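Remarks on the structure that follows.
The values are calculated or read from the model by the stated rules, or taken from the named source; none is laboratory data. All values derive from a computational prediction rather than experimental measurement. Neighbour counts run over all protein chains shown; Cβ positions are idealised from the backbone, glycine included. These accessible areas exclude ligands, DNA and RNA; they are computed on the full protein's heavy atoms, side chains included. Shrake-Rupley method; radii C 1.70, N 1.55, O 1.52, S 1.80 Å.
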Amino acid sequence: MEIAIFENEFRAIKTSFDGFNLLYFDNKLEYKVFPSSQDFGDLKNLSDYAYVIIDIDLSIKSTLDGFQLLEEMKRLELDSMKIMILTGHIAIKDRLKALNLPDYPIIPKPISLTKIKDAFDFYGLSL
């Protein structure tokens, strides 16, 4: 299963995702990391991924921040995909609601295996 991860500081959280992959997927989970929105290319191709994890605070070098990326996915009618938000923001749910975006599952920072699992469980993935 392939997952797209938009995160500019993935090295800081890689250990958590590696542990999650080992514990729940026997290291069969494949994630591709994109430090900025433009590193992905044509966003229409996001539908090739089973899940999309988006850090709200992407690099300042990123054309789109996480909110703008979510809005672009909505415009492209990709917002029904299995999307998870990666963030350290406390009021993220209020911000999503204010932008008229769905109530996506949140993986709060600092990250733990349980928090990653909870986000996947939101979509009914039985682990």
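Here are the numbers for the structure shown:
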item	result
Probe 1.4 Å, accessible area per residue of the chain, Å²	55
Heavy-atom accessible area ranking, 1.4 Å probe, most first, across Lys32, Lys44	Lys44, Lys32
Straight-distance crosslink candidates among lysines, where the alpha carbon sits under 16 Å from Lys28 and sequence neighbours closer than 8 are dropped	Lys14, Lys117
Estimated 222 nm signal from helices in the chain, with DSSP H stretches of n ≥ 4 weighted -39500 (n - 2.57), rounded to 500	-9000 deg cm²/dmol
Shape category assigned to the chain from the gyration tensor of Cα positions, a/c cut at 1.5	rounded
Qualifying lysines (Cα of each under 18 Å from Cα of Lys97; at least 8 residues distant if same chain)	Lys74, Lys82
Percent carbon-and-sulfur accessible area, the chain, ignoring ligands, DNA and RNA, probe 1.4 Å	50
Between helix 14-25 and the chain: long-axis angle, C-alpha atoms, 0 to 90°, nearest 10	60
Residues with amide H under 5 Å from that of Ile107, placed H, sequence gap 5 or more	Ile85, Leu86, Thr87
For the stretch 62-67, 3J(HN,Hα) per residue [Karplus equation, 6.51 cos²θ - 1.76 cosθ + 1.60, θ = phi - 60°, Hz, x = Gly/Pro]	6, 4, 10, 7, x, 5
At R0 = 35 Å, FRET efficiency that the Cβ-Cβ distance of Lys97 and Asp48 yields, to 0.05	0.75
